[in-house]
Amino acid sequence: MESFRLSEAEERIKIVALLFFIFFCFLLFRLFYLQVIRGESFKKVAEANRTALFFERAPRGRIIDREEKILADNNPSFVVFFAPFNLKNEKQETFYALLSSILKLKEEDLKLKLKGAFKHGSMIRLAEHLSKDSAFSILEHRPELPGVSIVTEMQRRYPQGRAASHLVGYLGKVSEVDLRELAFEGAYGELLIGKMGLEKIFDSFLRGKHGGLRMEVDALGRSLRILDRKKTVSGYEIKTTIDLKIQKAAEEALEKQGKPGAVVAISPKTGEILAFASYPSFDPNVFIEGSLTKTDHSMPQELLERKDLPFFNRAIQATYPAGSIFKIIVAASALEARKVTGTQNFYCPGYYILGGQGGKKFYCWKKEGHGLVNLEQAIEQSCNVYFYHLGLRVGPDLIEAMAKKFNLGSATGIELQGEKNGFIPGRSMFKGGRRRWFDGDTLNFSIGQGTVLFTPLQAAQMIAIVANRGKVVRPYFWLEIKKPEGEIVSVNKPQLLDQVILSDETWNFLSHALSLVVDQGTGQAAKVDGIKIAGKTGTAQNPHGKDHAWFVAYAPVENPKIALSVFVEHGIKGSAAAAPIAREVLSAAFDRELEIKKPDSKALLPEDFE
């Protein structure tokens, strides 16, 4: 019996020993699994709980005008980050109420923003451009705000606001399309890149090299110390050709006029763009205003919905009928072909009858007519009837050829995105088609109506070629690119593209006739005391509404320093809408104070002209 009991006890001991052995083996396996197989993974988790990573944007390079006035730079700014943290239920109410109060947000909006961080376990950028008071409030309440950190970061700033916004551009967050198109190293969820203008064209130079911080945090997610840091490297500086004084004068004059339009001013000898204005414009600062809802740097909906299209760059992205500024080309082609002399007269009764008695009437802008006029007077008073005669004498082929010598109908090659070509019609466009070119087409062609289409930049280049006596220079808008430490890495230089060969007699005649336009003709509203100006007004017929207004000019005539084009949508008359804008721009360019003078009762007013 004792032997049986002993045997039974031994069996129990063996079973217990076996269980202990199995349990011990399990512990060994579990320990091996945790330390060897999953050791690296758990090490990373522990490290993640102990540390927080902050992406640090590099300060973007400055954009400056030719006189080193700032168009875009950076300001130090408080940025709020949130690292996901296990928040006890009883503390959640205090956390959300306190943080939403400091950031001036609704609790629902804050919870929605933080939801993604909790879901993915990743740090997020919560708010930017935080005020000092708000930043200090967060620091004072750090125990109640676990996972919330404040970092000082350089944020983009556009101190000139709307000035040159279509040229300077704006910033936005990297999209999926950007990631596919651009060669970024790694994922930059917090990266801002240029979306328009110089910010986009020179993004790789301006962006610099981004860095980051790895910080040790305590159990509440509060920063203790910086473990390591990858320093940022500032972006390169872009010096533009823009003269901010002239630029602002152009934009203010356009805004005062009140209708959409554009002004482009060029240095005729170099091609440097001195002013590049499109109205209406926008303030690029709206993309970087600091609030929780603005950390995505998205395009404000109210700007997108505006019917006047503030993001549309009218200087290069729109083509408009040329109107009477095209008469410069027609006059040049007629003089060079010796189809007319400067003193040859035609009679203007206010209309031209095509095909003789009973034919179709083509009208002059002046209903009572100009009477007997020569070419000089026809340019000065912009007589349509004279140019009807001239167009038929010269023919469309020579006019088309001359227009293309002035690079009209072709993009200038400026580096900004979206430049349109424009269009110069001609008989060649109808070859092989059902329609043919008629004399009526020639009459419209000779006064720049119909399908003669320019951009304001092309119009500025055209008058710059006249000012430069035929030299076609490449228009450009940046002078140099410089490293943060001051080393110049690239310099942009004038480039002669072509030469329009006309006789000295033709150039001299055009210069004199265009001077008369401003001295005593349709462009008198552009006069600036002490400056000899040559110019041409234009009214472009618009089948969709009121006529458009043009004015092109250069000055001083004896040694041109500036050439410009002014365009006003639905401005009706170039003399009344566009020429006064040119006066403002030229006054700024030559630092002249404008005097408002009472008009001579005997003098013709701008509204008397086309």
Quiz item: If you go through the range 343-350 one residue at a time, do you hit one that is at negative phi and either in contact with a Gly (Cβ under 6 Å, 6 or more places away or on another chain) or outside the structural domain of Ala553 (by TED's automatic domain parsing) (or both)?
Solution: yes
Self-check item: Hits in the range 84-120 (condition: within 21 Å of Val151 (Cβ to Cβ), at pLDDT below 75 and touching a helix residue (DSSP H, G or I) at 6+ places or on another chain (Cβ under 8 Å))
Solution: Pro84
Quiz prompt | Matching residues in the range 379-421 - criterion: being part of a helix (DSSP H, G or I) and basic (Lys, Arg) | solution = Arg393, Lys404, Lys405
Quiz item: Hey, among Ala582, Ala563, Ala549, which residue is in a helix (DSSP H, G or I), modelled with pLDDT of 95 or more and surrounded by 18 or more Cβ atoms within 10 Å (Cβ to Cβ)?
Solution: Ala582
Quiz item: Any idea which of Ser298, Ser267, Ser234 is modelled with pLDDT under 95 and more than 17 Å from the chain's Cα centre (by Cα)?
Solution: Ser234
Self-check item: Ala525 modelled with pLDDT of 90 or more, in a strand (DSSP E or B) and assigned by TED's automatic domain parsing to the domain that holds Asn374
Solution: no
Quiz item: Restricting to the range 304-356, what's the tally of residues that are surrounded by 15 or more Cβ atoms within 10 Å (Cβ to Cβ), assigned to a loop (DSSP other than H, G, I, E, B) and hydroxyl-bearing (Ser, Thr, Tyr)?
Solution: 1
Quiz item: If you scan the range 552-571, which residues turn out to be closer than 15 Å to Ile531 by Cβ and either touching a helix residue (DSSP H, G or I) at 6+ places or on another chain (Cβ under 7 Å) or in contact (Cβ under 8 Å) with a residue 24 or more places away in the chain (or both)?
Solution: Ala553, Tyr554, Ala555, Pro556, Val557, Glu558, Pro560, Lys561, Ile562, Ala563, Leu564
Quiz item: Between a first residue in the range 351-373 that is on the phi > 0 side of the Ramachandran plot and a second residue that is assigned to a strand (DSSP E or B), which pairs have beta carbons less than 7 Å apart while being 6 or more apart in sequence or on different chains?
Solution: Gly369/Cys348; Gly371/Tyr347; Gly371/Cys348
Quiz item: Which one is nearest to Gln495 (Cα to Cα), of the residues in the range 270-295 that are modelled with pLDDT of 85 or more and of a type in the set (Val, Ile, Thr)?
Solution: Thr270
Practice problem: Would you check if there is a residue in the range 504-520 being in a strand (DSSP E or B) and out of contact with any Cys (no Cβ under 6 Å at 6 or more places or on another chain)? | Solution: no
Quiz item: In this structure, does Val517 turn out to be β-branched (Val, Ile, Thr) and touching an Asp or Glu at 6+ places or on another chain (Cβ under 6 Å)?
Solution: yes
Practice problem: Pairs only if they're at least six apart or on different chains, beta carbon under 7 angstrom, first in the range 481-493 and assigned to a loop (DSSP other than H, G, I, E, B), second of a type in the set (D, E, K, R); list them, first residue then second. | Solution: Asn492/Glu480
Quiz item: How many residues are more than 15 Å from Ala578 (Cβ to Cβ) and not hydroxyl-bearing (Ser, Thr, Tyr) when one looks only at the range 515-527?
Solution: 3
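The values are calculated or read from the model by the stated rules, or taken from the named source; none is laboratory data. Not measured: the values here are computed from a predicted model. Cβ coordinates were reconstructed from backbone atoms using ideal geometry, including for glycine residues, and neighbour counts include every protein chain displayed.
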